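The next block holds one structure in the form of C-alpha cells; read it before the comments.
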Amino acid sequence: MAALVTVTRAEVEDFLSAEAELLDAWRLDEWLDLFLADGTYEIPTPDAGDIPPTAAQFFIADDAELLRARVKRLQSRHAHAEQPRSVTHRMIGRARVTAVPGELVLVRAPFIVHRVPDGPVDPYIGWYDHLLGSTEVGLRFRRRRSVLAMDRLRPGSRLSFIL
Amino acid sequence: MTTWITEDPAALTFRVNREAFRSAEVFRAEQERIWGRHWLYLCHESEVPEPGDFRTRTVAGRGLLFVRDAAGQLRVYFNSCPHRGTVLAREPAGNAKVFQCFYHAWTFATSGELIALPDEAAYPPGASFRERLGLRPVARVESLRGFVFVSFDPEVVDLRTHLGVAADYIEMVADHSPAGMTVLPGTQRYTVRGNWKLAVENAMDGYHFLPTHATFVAWLRESGFHASDEGGKAVVLGRGHSALVQSGHSGRVGMCWEPRFGEAERARIDANRVELFARIGRDRGSVVADTSRILYVFPNLLLFDIEAISIRQLEPVAPGVTDVRAWELAPVDEPPEARALRIKVLVSFVGPGGLATPDDIEAYEAIQRGILATAGDPREGVDWNDISRGMTQELARAPADARLGGIVSRSIDEAGIRSFWRHWSEVIG
C-alpha cells in the first residue's frame, strides 16, 4: 500500500486562511492558482445527499474549464450580480485533516461567511469538504467543495461570489 | 380605484403601475384571485415514483403533502392534521406506510383514511366519525404527461382548458424520450428579494439576453458557438401563458449539437434524432429537437426546454420576496456520460450559482430596489414601467403560427410580457 501524505492541521489551516484573504480581496487569478490542473469547485444542493455532481443537480459543479470561465466572468464589469463587488468576511473553524489514497488529504472545516452586497448582510453557514493535494509549491485543491448547512438559500443569498 | 396597467394602441403605449410590485393589498388580491382560483404547478410524477413515497411542498402559502398511495395513485393533501391542525409530515420527503400525527398519534393511510386513534371509545360509535376526519385533499388535482397541477378552487375549469395551447409545449418536453422523463436529484431552492411577477417578466423577456448575459455569451463564443436572437419568437398562448422560442441561443443536449458538447454527444444526437423523427414525425420532431422553448404557464410554472430542461416553480412569500424551486428533468434512460453532460450544461447556466441566472436575479432584485425611488410620485408616468416594445408588430396582427400555436412576434419584443399583464389585470381588476 502506498504511503499516505503527511500534512499537519496547522499547514491546512494556514492554507485556508491565506485562501480566505485572497477571496475577500477578490484576487481571483491568484486564487485560481491554488487549484491543481484538474481541480473542481462544487456547491451541492442540500438534498443531493451523497450523490455526485454527475448524477444530481448541484448549485455549482465547475470542472477546471468552467472554473476558469467563472473567474474570468467575475473579473468582467459585465458580471452584474457582483457589480459592485460584494464585501465578504469569512470565519473558518478548526480543520480536521485525514490522509486518503492518491497523495491527497480530506479536509473538513466549518465556515460562516457573510456577504454584504449593497445593504443587507447575508450569512452562509456550512462546512468545507475539500480534497487537497500536497505539491512542491504547497497545498492545492483537487476538489474545493462548500457544503451548505441550510435547506435553502436565504433571501437575496446568491452564490455569485466564491463561497 | 387604482389603475394597474394602461394600454393605448393608437399611441403605442403600454405601462404597468409599479405599485403592482410593492403593494401588500395587491399581494392579498393575488392570493385570493390568482393563487386561490387558478391551476398551480405542484410537482412532476417522477418525484414520488414508488407507493408510499411522499414529499411536502408549500404552494401559494399552503403546506401540501403529496404521496403515492398503496394502489399507486398520486394523492395531494393539506399537510395539516384534520384533528387539531398540526403539521402532519414534517420531513421534506420520505417513504411512509402511514402518516401519524405526533401530537395525539392519529394515524392515516396514504389513501387518506383515519385508520387508528388512541382511546377511540370517547368518540361517537360507528364509522361516520372516522370518515369525517380523513386527510383533507386539495380541491382539484389533474396532470398532463407527468406534470401535476392542483387547484384550491373546486369550480375551476379543467386543466386542459386552463392550459389551452400551452399543453402542447408541455407535451413537447415529454416527447424528448420514448422511455419517459424523470426529475433528477438535487433541488435548487433559493429566495429572491423581488416580486414574483418580475421573475415572469424576466423569463418572457428576450430583449435582456445579450446585454444581461454578456459574460455568458462571451464564454459560449470562446467555446465556438455564436449566440444570436436571430429568428427568435415570442408566442402568446392565451390565459396569460406565453413562450419564447429560439434556435440561436445554444445547442441542446441529446437533441441539437454545439461544440462544447464534444464528439461522443454528436453521434448520440444523430441517433436520437432518427428515433425522434420516426416516432413523432419530422415536422414536430424538428420543433422538439431544434428549438429552445421557455414556456410560462400562468401563474407559477416556468418550463425551460433550453440547453437541457429545467422546471422552475415560483412561490410568492411577500410582495418583495419570492421562493424559487428549480429541478432538472431528463430522459430516464440516457447513458451516464450523457446524463453528466446534461447536468453540467444546465448547472453552468442556471441557478443562483450559474454563470447566467445570478445576473437575472440581480436584475429583478435591482428593480424591486429601484422602484422604491419613484413610489407615490404623483406626476404622469413617473411611477410606471414601460412595456411597449414591439407593439407595432404585435398590433399588425400577425397570423397565428400553426406549428407554434399562437400569435407570434419577435422574442426581443415584449408581447409575451404584455399578454401576462393583460391576463393579470383581467383577474385582479
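Every read-out reported here was derived from the displayed coordinates using simple, explicitly stated rules and does not represent laboratory data. Treat the numbers as computed from the prediction; the structure is a model and nothing was measured. Neighbour counts run over all protein chains shown; Cβ positions are idealised from the backbone, glycine included.
Using a Gaussian network model on chain B with a 10 Å cutoff between Cα atoms, which of B:318, B:203, B:214 fluctuates the most?
B:214
Sequence gap at least 6, Cα distance under 8 Å: using those rules, report the relative contact order of chain A to the nearest whole percent.
26
Label the range B:233-314 by shape, choosing from rounded, prolate and oblate, from the square roots a ≥ b ≥ c of the eigenvalues of the Cα gyration tensor; if a/c is under 1.5 it is rounded, and otherwise prolate applies when a/b is larger than b/c, oblate when it is not.
It comes out prolate by the Cα gyration axes.
Please report B:191, B:161 as a ranked list, fewest other C-beta atoms within 10 angstrom at the top and most at the bottom.
B:161, B:191
Only helical DSSP H runs with n ≥ 4 go in: add -39500 (n - 2.57) per run for chain B, normalise by residue count and round the 222 nm mean residue ellipticity to 500 deg cm²/dmol.
-8000 deg cm²/dmol
Build a GNM of chain B with springs between Cα atoms under 10 Å: which of B:406, B:238, B:224 gets the top mean-square fluctuation?
With Cα springs under 10 Å in chain B, the top fluctuation among B:406, B:238, B:224 is at B:224.
Take peptides B:282-288, A:40-46 and line them up by average Cβ neighbours within 10 Å, highest first, as a rough protection proxy.
Final packing ranking: A:40-46, B:282-288.
What residue among B:170, B:322, B:128 has its Cα farthest toward the positive end of the dipole of chain B, where the charges are +1 on Lys, Arg and -1 on Asp, Glu, each on the Cβ?
B:128
Given contacts defined as C-alpha pairs under 8 Å and at least six residues apart, what's the relative contact order of chain B, whole-number percent?
20
I'd like the distance separating the alpha-carbon centroids of the range B:52-110 and the range B:353-393, in whole Å.
40
At a 10 Å Cβ-Cβ cut-off, how would you order B:220, A:106, B:244, fewest neighbours first?
Lowest count first: A:106, B:220, B:244.
How big is the antiparallel share of DSSP beta bridges in the range A:10-148, given as a percent to the nearest 5?
90
Within 10 Å of each Cβ in B:325-331, how many Cβ atoms from other chains are there, averaged over the peptide?
Counting Cβ atoms of other protein chains within 10 Å of each residue's Cβ and averaging gives 1.
Calculate the length of the line joining the C-alpha centroid of the range A:98-163 to that of the range B:122-155, in whole Å.
Centre-to-centre (Cα) distance: 45 Å.
Sorted by mean Cβ packing within 10 Å, highest first, what order do the peptides A:90-102, B:344-356 take?
Put in order of decreasing packing, that is B:344-356, A:90-102.
Hey, how many Å between the Cα centroid of the range A:1-31 and the Cα centroid of the range B:5-44?
Spelled out, the Cα-based centre of one part sits 50 Å from the other.
Springs between alpha-carbon pairs under 10 angstrom, Gaussian network model over chain B: which of B:367, B:280, B:407 fluctuates most?
Maximum among the listed residues: B:280.
Would you mind giving the mean number of other chain beta-carbons within 10 Å of the Cβ of each residue in B:336-343, as a whole number?
For this peptide, the per-residue mean of nearby foreign Cβ atoms is 3.
Write out the cysteines belonging to the protein assembly as shown for which the nearest other cysteine Cβ is not under 4.7 Å, or none if no such cysteine exists.
B:43, B:256
How high is the relative contact order of the range B:40-151, in percent, counting Cα pairs under 8 Å that sit 6 or more residues apart?
26
Under the definition of partner shielding as Cβ atoms of other protein chains within 10 Å of a residue Cβ, what is the mean value for peptide A:42-49?
5
Among B:374, A:8, rank each residue by its count of other Cβ atoms within 10 Å, from fewest to most, as a rough exposure measure.
A:8, B:374
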